[in-house]
Amino acid sequence: MSNTLNFEGWVCPIPLRDHPNIVMGHGGGGKLSAELVEHLFLPAFKNEILDNLGDSAILKLTGDRLAFSTDSYVVQPLFFPGGNIGDLAVNGTINDIAMSGATPLYLSSGFILEEGLSLEALGTIADSMGAAARAAGVALVTGDTKVVDRGHGDGVFINTSGFGLIPEGVDIKPTNARPGDVVIVSGEIGTHGIAIMSVREGLEFETVIETDSAPLHGLVAEMLAVSREIHVLRDPTRGGVASATNEIAQAAKVGIVLHERKLPVAPAVHAACELLGMDPIYVANEGKLLAIVPPNVAEPLLERMRLHPLGTKAAIIGEVTSQHPGMVVAKTGLGATRVVDMQIGEQLPRIC
Amino acid sequence: MKYLDEFRNPDLAEKLLEDIHRLAKQPWAIMEVCGGQTHSIIRNGIDQLLPDTIELIHGPGCPVCVTPLEMIDKALAIAAQPGVIFCSFGDMLRVPGSEKDLFRIKSEGGDVRIVYSPLDAVKIARENPEREVVFFGIGFETTAPANAMAVFQAKQQGLTNFSMLVSHVLVPPAIAAIMESPTSRVQGFLAAGHVCSVMGYWEYDPLVEKYQIPIVITGFEPLDVLEGIRMTVRQLEEGRAEVENAYPRSVKYEGNEPAQKMLADIFQVTDRTWRGIGEIPRSGWKLSDAYRDFDAEIKYAVSDIRTQESALCRSGEVLQGLIKPNQCAAFGKECTPRKPLGATMVSSEGACAAYFQYGRFTALDQPVIELESA
């Protein structure tokens, strides 16, 4: 069968046809559960390890250092310009693994479904997870599904965990940032957060802003081919570049200086942020990375990154300093300095 | 971005700064009235680039900062009622009332929603006829026309489930109150450009006349703010006290007359308490008698809620430029951005929050980069 789920084309899923929406029984461990797995998840995720349907996936590995990560996805709305919760859940965990320089290999997926969720929506989500995993060369090898009463969930929550192998000689972690290092961003910032907000808040912009959700391990592999001296990698998701750099500054007990004029921001995102009174430096990304690298490898890295489709707009945006340890400051457009603090909660649209 | 990037041009900013440095011969204290201007000053670091002799005093023009504690408590009481959908601009959600904030009410089951326009709240009311929808109508003259329009539309559409908790404040009475204060140090004002887009600047003629103080209508982008400062310093150095317009691309002398007409119909002038400052006579708007059915204070009988401000918090003196934030005993101790006592510590451009950040930075032992003038 094709990768696109088409309920009309199915031969035997009588129970699924009987229930166009998720019912409590889909999480009950009986026939309905089994049929959901057989007819919805297995075709979408399709791989040999999963097809064995054991209680656990059995995996062979060659290597001695694993990067292991988990993340839960609760995004609303479930579908947004350029993606949905499914591909976000796959790419997000791939990126967490890739930020250790590892090659992601296997993912698990846990679903918490709300009674009443349409099977068509779930099918589309599962399908895009499968597609995202295949595109990234990773396998979804084990999973779980639970159903909660209507009103006790938000359609679907997804947890993905995963791991990958770290190549020999690669040592990437936040505490490695050193004074003198250079901060690189792989592309335009703030896109995902604005894409979500544009649909969540019912904002009508003239241009549709699509999420930047993408798996970054390919770009990381290219970067490691240039130099294994990369000190830190980070994907600036929630809290944006501001939070990610603050976390690094605190972990490594160094200061970071960012140059506002060098931060790449797409014109539509810039305009939306102006309209909403938001600062793109705090807005979430899902397909961008920050790299902190010794100055001597910065230029060759940048050159190679710009050849990769996910790095065409890569830029040097700052440097690490021994001054103001634990703090991030930005040089403003006018050449003054301001402190870039972590936010306390969500960034809120300002009234004035 | 067209009409924005031009007003952030660093080369032109450099020229304006050179001009200001050349003009400023004596020390001057200038108050920017509007929170949007404070935001621009902090965000761009404009205060660091000015001559040491020019002091910017952050004025009481952040609507979030001056909305009185009592009004926040009224909002919380209404938002907690079952069946109510309470709509607000985003940055009001984190402002602490005496015990909670709107985020807390939401977590406890209140239906609190962020909207971008009061007209969205009217739409929610129309779509949810079985629910009561309340909009938190705060702000200066800038946000007033949209709030007035929301009430006007609700009445036209015959909506009985829409009301507004109004806490509008007005700029000219606040300027007068600051000038009446015997301890005021302010020698010139940057007036709020967007307020003047609506109201014009005819209201400032009597103030200039009475207090002999320069008032310059100023915009919000870095070049706008610098131009406003330049014109104010020039007036001060030349011994003039006039109303000047440094924001002519947006502001006309007479303002937006249709908007003013609607405001006069829907609102009426009232005494208003300003957080941290106290009551200023005739310094706010409430709904006029013709629209009293839409007044949430009456509808939910919350007029009796009376709240005292924190005894520790001296944000009123900060807002009037009488003390620096770090001269308050609670600063950085009982009061931090995470646990603010007063609204000037809440919003990132509030004078106390801004000071907290920079204090952290400049207090470091190491020499710091380019912050000598901060």
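Observations, loosely collected:
- The condition (being part of a loop (DSSP other than H, G, I, E, B) and either modelled with pLDDT under 80 or surrounded by fewer than 19 Cβ atoms within 10 Å (Cβ to Cβ) (or both)) is satisfied by just one residue among B:Asp293, B:Asp304: B:Asp304.
- Residues that are facing another protein chain (nearest Cβ under 9 Å) and among the basic types (Lys, Arg), drawn from region A:309-344: A:Lys331, A:Arg338
- Flag for B:Gln48 being under 30 Å from A:Thr332 (Cα atoms) and surrounded by fewer than 22 Cβ atoms within 10 Å (Cβ to Cβ): yes
- No other residue among B:Gly83, B:Gly97, B:Gly61 is more than 15 Å from B:Gly137 (Cβ to Cβ), in contact with a Cys (Cβ under 6 Å, 6 or more places away or on another chain) and of a type outside the set (Ser, Thr, Tyr) apart from B:Gly61.
- Residue satisfying all of: in region A:202-231; touching a residue at least 12 places away in the same chain (Cβ under 8 Å) and within 14 Å of chain B (Cβ to nearest Cβ); surrounded by the most Cβ atoms within 10 Å (Cβ to Cβ) among these: A:Leu203
- Any chance A:Glu274 is charged (D, E, K, R) and more than 10 Å from chain B (Cβ to nearest Cβ): no
- Selected residue (criterion: farthest from the other protein chains (Cβ to nearest Cβ)) from residues of region A:250-264 that are surrounded by 21 or more Cβ atoms within 10 Å (Cβ to Cβ) and farther than 13 Å from A:Ala330 by Cα: A:Ala252
- Candidate set from region B:66-90 (those that are touching a Gly at 6+ places or on another chain (Cβ under 8 Å) and among the β-branched types (Val, Ile, Thr)); member that is nearest to the other protein chains (Cβ to nearest Cβ): B:Val66
- Test: residue in region A:178-190 that is in contact with a Phe, Trp or Tyr (Cβ under 9 Å, 6 or more places away or on another chain) and either touching a residue at least 12 places away in the same chain (Cβ under 8 Å) or part of a loop (DSSP other than H, G, I, E, B) (or both): yes
- For region B:91-132, filtered to residues that are small (Gly, Ala, Ser) and within 18 Å of B:Ala150 (Cα to Cα), the residue that is nearest to the other protein chains (Cβ to nearest Cβ) is B:Ser117.
- Taken over region A:178-196, the residue count meeting the criterion of being under 20 Å from A:Ile281 (Cα atoms) and surrounded by fewer than 21 Cβ atoms within 10 Å (Cβ to Cβ) is 0.
- For the condition of a type in the set (Gly, Ala, Ser), in a loop (DSSP other than H, G, I, E, B) and within 15 Å of A:Lys288 (Cα to Cα), A:Gly218 does not qualify.
- Top-ranked residue of region B:216-264 - restricted to ones that are closer than 27 Å to B:Val151 by Cα and touching a residue at least 60 places away in the same chain (Cβ under 8 Å), ranked as farthest from the chain's Cα centre (by Cα): B:Met262
- Region B:15-26 residues that are exposed (fewer than 11 other Cβ atoms within 10 Å of the Cβ), paired with ones that are part of a helix (DSSP H, G or I) and modelled with pLDDT of 95 or more (beta carbon under 8 Å, 6 or more apart): B:Gln26/B:Leu236; B:Gln26/B:Glu237
- Test result for B:Ala154, within 29 Å of B:Ile85 (Cα to Cα), in a helix (DSSP H, G or I) and in contact with a Phe, Trp or Tyr (Cβ under 6 Å, 6 or more places away or on another chain): yes
- The listed residue being of a type in the set (A, V, I, L, M) and touching a strand residue (DSSP E or B) at 6+ places or on another chain (Cβ under 7 Å), out of A:Leu224, A:Leu216, A:Leu165: A:Leu165
Results for (1) farther than 16 Å from A:Gly82 by Cα; (2) at pLDDT below 90; (3) of a type in the set (Lys, Arg), shown as yes or no for each residue.
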{"site": "A:Ala195", "(1), (2), (3)": "no, no, no"}
{"site": "A:Ala221", "(1), (2), (3)": "yes, no, no"}
{"site": "A:Arg234", "(1), (2), (3)": "yes, no, yes"}
{"site": "A:Ala244", "(1), (2), (3)": "yes, no, no"}
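- Hey, B:Gly255 within 30 Å of B:Val84 (Cβ to Cβ), in contact with a helix residue (DSSP H, G or I) (Cβ under 6 Å, 6 or more places away or on another chain) and part of a loop (DSSP other than H, G, I, E, B) or not: no
- A single member of A:Leu5, A:Leu16, A:Leu32 is in contact with a helix residue (DSSP H, G or I) (Cβ under 6 Å, 6 or more places away or on another chain), modelled with pLDDT under 90, surrounded by 17 or more Cβ atoms within 10 Å (Cβ to Cβ) and within 30 Å of A:Val208 (Cβ to Cβ), and it is A:Leu5.
- Count - residues of region B:271-289 that are surrounded by 12 or more Cβ atoms within 10 Å (Cβ to Cβ) and free of Cβ contacts under 8 Å to residues at least 40 places away in the same chain: 3
The values are calculated or read from the model by the stated rules, or taken from the named source; none is laboratory data. What you see is a predicted model, and the numbers here were worked out from it, not measured in a lab. Reconstructed Cβ throughout: ideal geometry from the backbone, glycine too, with neighbour counts over all protein chains shown.
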